[in-house]
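Since every read-out is calculated from the coordinates, none of them should be taken as a lab result. Please read these numbers as outputs of a predicted model, since none were measured by experiment. We place every Cβ from the backbone using ideal geometry, glycine too, and count neighbours over all the protein chains shown.
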Amino acid sequence: MAAMAWRGGAGGGAGGGLGRGVGGEALSVARRGLLSVLSSAEGTNSTCGNFNFEAATVREAMWTWRQTVRIFEKAGTGNSGGQEKVGGRMEYDIMSWSSLVRLKDDKGETIATSRHEMRTGAGELFPHDVIVVEDCAGNQLGEVTEELQSAGMGSVVLFTFADAQGKVFASSSPKGDGMVVHDVASGKSMVTLMRTTTFGDLRDSWTMSRSNSNGRALDARLLLLAIAAQSPPVAWGLSAFPFILFLVLSLLVACLLCVRFCMNNRGYTSIENLDRTEYV
């Protein structure tokens, strides 16, 4: 796997986004506006962290209550890194209507979030799903649109990346079991993303490799949260383990109620009384 050092600032400083007030509070508007100005000046948001690793693997976790996707980074350089260590994780919120996902670093601090929005463009008959990514301060980093395309004997989900102003700056094309993300302006390759889920393994798994070109860098937060959307929860933000446990307990309770109902059934009581009279 090629060495990969992620840099923030997708869209040439668009990571700062626009100052967006919440709840109409003037203080919040002023604070976020200031953060936006600082972000534009520095090329990336100075208050929220980002990932800076050489090689990365994203793998779905199985034995967790809420749906979790873990991020692993190699300890060494390139393919000779050897052991992997947990670099962070992405967690779905429980009972979230917009499928809110929180991207956290290795210390558990939230550095970005994503949510799903249904939008209908001009001339479109049906709405499409858009992943809106924001940093820890609520400043929009960009948007990701998913598109399902056929590839060989199967299909692959391709990503289109837009900055905070909605301008598309990167698109992807299928490659094997994954995709290659290209810079729209220059056509240069930015990131290669391959699906590595093996037969018999129920977990979704991806590997990411940054291209060797010196072109524009793709904000790792956008790509990671786009990958998290490919491993949705079973239901209500829960992972497979608690959902299966819920189904088993529900089935057990239903069986106990059925047995209780049969025990109190009149027919069962009359037959029991009839058997007793035969021995009198």
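Compute the distance in nm between two label points, each set 7 Å from the Cα along the Cα-to-Cβ direction, one at Gln165 and one at Glu117.
1.7
Apply 1/(1 + (r/R0)^6) to the Cβ-Cβ distance of Val248 and Thr47, taking R0 = 51 Å, and write down the FRET efficiency to the nearest 0.05.
0.70
Just to verify a number: FRET efficiency for Ala185 and Thr110, C-beta to C-beta distance, R0 = 45 Å, to 0.05?
0.90
At 7 Å along the Cα-to-beta-carbon direction for both Asp177 and Phe241, put a label point, then send me their distance in nm to one decimal.
In this crude label model, Asp177 to Phe241 measures out at 2.4 nm.
Relative to the present Cα-Cα distance, how much length would full extension add between Trp65 and Asn264 at 0.36 nm per residue of separation? Working shown, then result.
Values: separation 199, 0.36 × 199 = 71.64 nm, distance 3.79 nm.
Working it through step by step, the gained length comes to 67.9 nm.
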